[in-house]
Amino acid sequence: MNLMRLVVQKVRLVSCEPTLVRSLLSPPRFCQLARSLSAKQVRGQKKVPNKQNIKTKAVKQEVEISQRMTVSALAQAMNKDFDHIVEALLNTSVDLDSLEPDSVLEEKWIKEVVTRSGMKFKWAKLTQTKEREDKDVGRRSAADPARLVSRPPVVTIMGHVDHGKTTLLDSLRKSQITAMEAGGITQHIGAFLVQLPTGECITFLDTPGHAAFSSMRARGANATDIVILVVAADDGVMEQTVESIRHAKRARVPIIVAVNKCDKPQADTERVKQELLAHDVVCEEFGGDVQAIHISALKGENLMALAEATVTLAEVLELKADPSCSVEGVIIESRTDKGKGPVTTAIVQQGTLKKGCVLVAGKTWAKVRFMFDENNRTVSQAGPSVAVEIVGWRELPSAGELMLEVESEQRAREVVDWRCYKEEQDKLKEEEVVIEAKQKQHHESYKKEREAFAHLSWRQRKSALYRINRQQAAMRPSERAADQELTLPLIIKGDVDGSVEALLNILDSYDAHEQCQLEVVHFGIGDITESDVSMAETFSGSVYGFNVTANKSVQQLASKKSVPLKLHRVIYKLIDDLKEELSSKLSPLVKENVIGEAAVLAMFEVTVGKKKVLVAGCRVQKGYLDKRMKFRLIHNEETIWDGSLTALKHHKDDVQTVKLGMDCGISIDAGVEFTPGDSIVCYQEVQSQDQISWDPGF
């Protein structure tokens with residue numbers, strides 16, 4: 001209303017004709033006049049800014065650049081592709097035909113590309129990684145000779161399987177170790193302290209003689225002072241005997257030869273000593289320095305002579321240790337016990353191990369809670385050369401790890417953190433080497449692929465490569481075909497670390513991947529659990545347990561989910577079972593058994609209803625013909641037809657078989673013409689199970 005009054009007042013002040021007033025009050029002129037009047041600021045009223053005239057400033061994307069950037073690195077920083085960089089460098093002096101993803105750009109062209117793309121650049125900050133302080137712990141320096149005292153020798157009994165190593169230990173400590181062993185073979189490293197009637201103590205290590213446990217024998221040789229090499233007098237030097245000699249020589253450990261089973265009629269001790277000469281083991285009878293003791297471990301004959309020879313050699317070696325320094329030792333074996341948790345068998349080499357000591361081994365640590373001897377009796381301390389079971393580990397250390405004492409739990413955590421960090425860095429370096437090799441290989445193939453397009457411009461080259469890539473994508477096999485490859489995923493569980501290690505070493509020798517892929521998806525120590533069965537179901541694999549058990553609920557779950565659950569106590573039986581399962585996954589072999597053969601003598605036609613059928617008159621020359629079997633027509637030693645017969649007749653009768661020397665008529669429904677002189681072979685297809693070609697060596 002106020003606006004209307006102002007307009008009327010303006011009109012009254014203007015002396016004009018009615019037509020002018022009407023033109024002023026017309027809708028277009030009126031709206032324009034109203035806008036001009038409303039735009040004027042009223043006294044005392046604040047001026048309202050016109051929002052339509054405010055221009056928002058465009059925010060440009062920032063790109064981090066650096067010196068000597070490659071085209072691919074610049075494209076990644078800009079979130080663009082290679083073609084965008086090429087298009088941004090059009091109409092510049094850059095040779096676009098020679099530009100590759102790994103080409104290094106000059107600084108001005110890096111800035112030019114960013115600017116032309118409507119972005120702004122900023123220099124990337126140089127990050128300098130700070131080197132971490134080495135927090136590892138190692139062996140102590142040499143001890144003061146004044147504090148050294150004599151210690152019992154650590155003796156490892158080595159040799160071929162079934163040559164009497166464990167029986168020898170059984171006789172020495174009057175126990176029945178062999179009665180508790182599966183299959184009569186040792187499958188773990190056993191550590192025992194034996195006290196002789198003369199008062200001397202010897203720590204014995206019994207290593208497995210089976211071919212699968214080579215790493216255990218090497219570990220036993222590295223942790224020992226003397227090696228007793230047991231050789232059966234009736235067998236002589238065998239494969240694992242030679243391997244044990246190599247381990248002892250590599251560890252620079254002296255050898256005592258125990259020629260066992262001398263009570264057998266076929267025993268030949270001289271032949272054993274002569275065979276050892278070929279492996280640089282020279283006995284004293286031949287002018288060497290190796291003692292050879294003739295024994296019978298089963299009857300206990302001459303065992304004291306072997307013990308005296310061991311003690312004498314230990315005195316010559318002058319074995320000493322410092323029982324007052326920090327503990328040093330070696331992990332012989334590790335396992336998981338239901339009541340005790342992670343348990344390790346270790347030999348103390350320096351110092352005295354007591355309850356409450358903080359130990360570090362590999363990437364784990366322990367505060368000693370309990371210690372047990374070989375008879376599972378609690379001990380309060382263990383000095384040098386004593387083998388004990390240690391309870392209190394946070395995680396299971398690997399067998400063969402060096403065990404060291406540290407000041408506190410905090411120090412133990414620092415050592416473990418540093419070792420994990422160091423291992424991660426080493427792994428990253430190895431991966432970098434592999435990545436660089438792959439990149440170099442890819443670059444060479446990339447350059448070779450583009451040599452054929454060197455004469456084209458970059459647009460023509462791009463078009464040609466697009467066509468090639470589209471053709472290659474069309475020729476790729478489908479994912480379903482790739483999934484049809486034969487694969488056997490495995491889950492391995494063992495009772496101790498050494499057993500799992502031996503199994504994994506055997507599986508590393510698997511070389512039949514072209515027949516069936518073998519993949520270890522998980523391995524661990526302890527009894528088989530429901531999670532192992534669920535994992536096997538996920539991967540459609542099998543669970544193999546060595547010297548472990550599976551409770552009733554786990555077995556029922558495996559049966560319900562159709563997961564193969566294989567439990568074994570002897571390692572070679574486990575491998576045989578695994579080979580059978582691998583073979584069962586292979587396609588069956590189809591063999592042809594030739595039953596009979598007939599010669600075509602003549603050709604004639606017969607009328608069957610309104611249809612004429614070509615019939616071959618034949619005579620059986622070998623075996624017999626059976627209509628239910630398959631037949632093959634051979635012309636000039638070439639197979640021209642293979643299939644089943646339509647009819648087999650003898651004279652005018654339909655028959656099932658035709659015997660040797662009889663004439664018959666044969667017809668087939670394939671439009672194939674017979675020729676006199678052709679041969680017709682009757683054969684049977686027999687399927688047989690293919691066998692995996694993998695040979696683990698035993």
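Taken together, the values in this text are just the output of simple stated rules run on the coordinates, not laboratory data. The structure presented is a predicted model; accordingly, all values stated were derived computationally and were not measured. We place every Cβ from the backbone using ideal geometry, glycine too, and count neighbours over all the protein chains shown.
Tabulated values for the structure
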{"item": "Packing-based ranking, highest mean first, of 251-258, 229-236 given that Cβ atoms within 10 Å are counted", "result": "229-236, 251-258"}
{"item": "Scaled radius of gyration (Cα, divided by 2.2 N^0.38 Å) that the stretch 547-698 gives", "result": "1.72"}
{"item": "Reach of Lys125 by Cα under 26 Å, taken over lysines that are not fewer than 8 positions away in the same chain", "result": "Lys60, Lys80, Lys108, Lys111, Lys429"}
{"item": "Packing rank of 295-305, 430-440, 341-351, where each peptide gets the mean count of other beta carbons within 10 Å, highest leading", "result": "341-351, 295-305, 430-440"}
{"item": "Simple label model, 7 Å out from Cα along Cβ direction - Glu200 to Ser688, nm", "result": "6.0"}
{"item": "Listed peptides 137-145, 111-119 by packing density, highest first (mean Cβ within 10 Å)", "result": "111-119, 137-145"}
{"item": "Proximal aspartates and glutamates to Lys591, defined as alpha-carbon separation beneath 13 angstrom and excluding residues fewer than eight positions away on the same chain", "result": "Glu685, Asp690"}
{"item": "Shape category assigned to the stretch 216-362 from the gyration tensor of Cα positions, a/c cut at 1.5", "result": "prolate"}
{"item": "For the stretch 373-387 versus the stretch 275-315, the gap between their alpha-carbon centres in whole angstrom", "result": "29"}
{"item": "Whichever lysines have a C-alpha closer than 20 Å to that of Lys585, once near sequence neighbours (fewer than 8 apart) are set aside", "result": "Lys561, Lys566, Lys573"}
